[in-house]
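The values are calculated or read from the model by the stated rules, or taken from the named source; none is laboratory data. Just so it is clear, the model here is predicted, and its values are computed rather than measured. Positions of Cβ are backbone-derived with ideal geometry, glycine not excepted, and every protein chain shown enters the neighbour counts. These accessible areas exclude ligands, DNA and RNA; they are computed on the full protein's heavy atoms, side chains included. Shrake-Rupley method; radii C 1.70, N 1.55, O 1.52, S 1.80 Å.
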Amino acid sequence: MESDIKFFADDMVGRLCWWLRMIGYDTAYERDIEDDDLARRAQEEDRIVLTRDTTFAERYPDLTVLSLPTDRPEVQLWLVLKTYQLDYDHAWFSRCLVCNDELLPVHKEKYAERIPPHVLETLDEFWYCRTCDQLFWKGTHHKNMMMKLERLKERLQKMEEQRGR
Ligand SMILES: [Zn+2]
């Protein structure tokens with residue numbers, strides 16, 4: 001429903017954060033962050049907190065918190081998508097998995113010296129992360145991730161059938 005929705009995943013739900021970034025949702029994540037710092041940043045940046053900690057919502061009543069009652073990342077993801085009526089096919093590969101920044105489509109000529117010759121010759125779509133200074137293209141790694149996303153999509157659909165609406 002909302003496309004500008006933003007999350008802050010606490011360090012117990014790192015895998016969930018990874019999946020959310022994979023499908024294009026803005027998800028902050030900080031290893032070993034103190035709860036107070038996480039809460040302050042979530043407030044400042046208007047982010048929904050995703051956590052396994054059942055006491056978090058009570059301790060920070062001013063924040064929007066989704067407590068996740070399971071350790072299984074795919075069930076967590078299913079719950080997030082369902083709770084906020086989000087689309088799994090949102091914007092795959094639009095964010096950097098490392099830093100969460102949006103990837104920018106770039107002209108390959110600009111980065112030609114950083115791209116292996118056979119890739120430069122055969123591919124036309126390239127993306128760049130300003131924060132990590134990394135280039136991305138649809139190589140083998142991209143294909144593997146695509147397969148992971150498709151497989152997860154099937155599992156989410158099965159969950160939807162089993163748990164109903
Ligand atoms: Zn990055």
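Would you mind classifying region 43-82 by shape? Square roots of the alpha carbon gyration tensor eigenvalues, ordered a ≥ b ≥ c; an a/c under 1.5 is rounded, otherwise it is prolate if a/b is larger than b/c and oblate if not.
It comes out oblate by the Cα gyration axes.
At 0.36 nm per residue, minus the direct Cα-Cα distance, what do Thr131 and Lys6 gain on full extension? Give it in nm, one decimal, please.
43.2 nm
Ordering Glu34, Glu45 by how much accessible area each has at a 1.4 Å probe, largest first, what is the list?
In descending accessible area the options line up as Glu34, Glu45.
Highest GNM mean-square fluctuation, the chain, Cα pairs closer than 10 Å: which of Lys143, Lys110, Lys153?
Looking only at Lys143, Lys110, Lys153, the largest GNM fluctuation is found for Lys110.
Whenever you get a sec, line up Lys6, Lys148 from highest to lowest accessible area (probe 1.4 Å, protein heavy atoms).
Solvent-accessible surface, decreasing: Lys148, Lys6.
Averaged per residue, what accessible area in Å² does region 68-123 show with a 1.4 Å probe, protein chains only?
Dividing the accessible area of region 68-123 by its residue count gives 59 Å².
Using a 1.4 angstrom probe and counting only protein chains, how large is the accessible area of Thr140 in Å², to 10?
Taking all protein chains as shown, Thr140 has close to 110 Å².
If amide hydrogens are placed 1.01 Å from N in the peptide plane, which non-local residues have theirs closer than 5 Å to the one on Phe126?
Here the answer is Val106, since their amide H atoms fall under 5 Å of that of Phe126.
Which shape class applies to the chain: rounded if a/c is under 1.5, otherwise prolate when a/b exceeds b/c and oblate if not, where a ≥ b ≥ c are the square roots of the Cα gyration tensor eigenvalues?
It is oblate, given that a/c is not under 1.5 and a/b is not larger than b/c.
Let's test the formula: R0 of 25 Å, r as the Cβ-Cβ distance of Asp35 and Glu74. What FRET efficiency results, to the nearest 0.05?
The formula returns an efficiency of 0.45 here.
Set the Förster radius R0 to 45 Å, insert the Cβ-Cβ distance between His90 and Glu113 as r into 1/(1 + (r/R0)^6), and round the FRET efficiency to 0.05.
With R0 = 45 Å, the Cβ-Cβ based efficiency is 0.85.
Run the dipole for region 101-165 about the Cα centre, Lys and Arg Cβ at +1, Asp and Glu Cβ at -1, nothing else charged, and hand back the magnitude in debye, nearest 20.
440
Using the Cα centre as the reference, give the magnitude of the dipole from point charges on the C-beta atoms of the chain (Lys, Arg: +1; Asp, Glu: -1; all else neutral), rounded to the nearest 20 debye.
760
Return the sequence-ordered ³J(HN,Hα) values of region 58-75 in whole Hz as given by the Karplus equation 6.51 cos²θ - 1.76 cosθ + 1.60 applied to θ = phi - 60°, using x for Gly and Pro.
Karplus-based 3J(HN,Hα) across region 58-75 equals 5, 6, 10, x, 7, 9, 8, 10, 10, 7, 9, x, 8, 8, 7, x, 6, 6 Hz.
With Cβ to Cβ distances under 10 Å as the rule, what net charge do the other residues near Met22 carry (K, R +1; D, E -1)?
So the environment of Met22 carries a net charge of +3.
Quick check on region 85-165: take the gyration tensor over C-alpha atoms, sort the square-rooted eigenvalues as a ≥ b ≥ c, and tell me if it's rounded (a/c under 1.5), prolate or oblate.
It is prolate, given that a/c is not under 1.5 and a/b is the larger ratio.
Under unit Cβ charges (Lys, Arg +1; Asp, Glu -1), what dipole magnitude, rounded to 20 debye, does region 6-95 have relative to its Cα centre?
It comes to approximately 380 debye.
Read phi for every residue in region 103-116 and hand back ³J(HN,Hα) as whole Hz from Karplus 6.51 cos²θ - 1.76 cosθ + 1.60, θ = phi - 60°, with x for Gly and Pro.
Each residue of region 103-116 in turn: 7, 9, x, 10, 7, 5, 4, 5, 10, 3, 6, 9, 10, x Hz.
Which percent of the accessible area of region 6-95 is formed by carbon and sulfur heavy atoms (probe 1.4 angstrom)?
Ligands and nucleic acids excluded, carbon and sulfur reach 43 percent.
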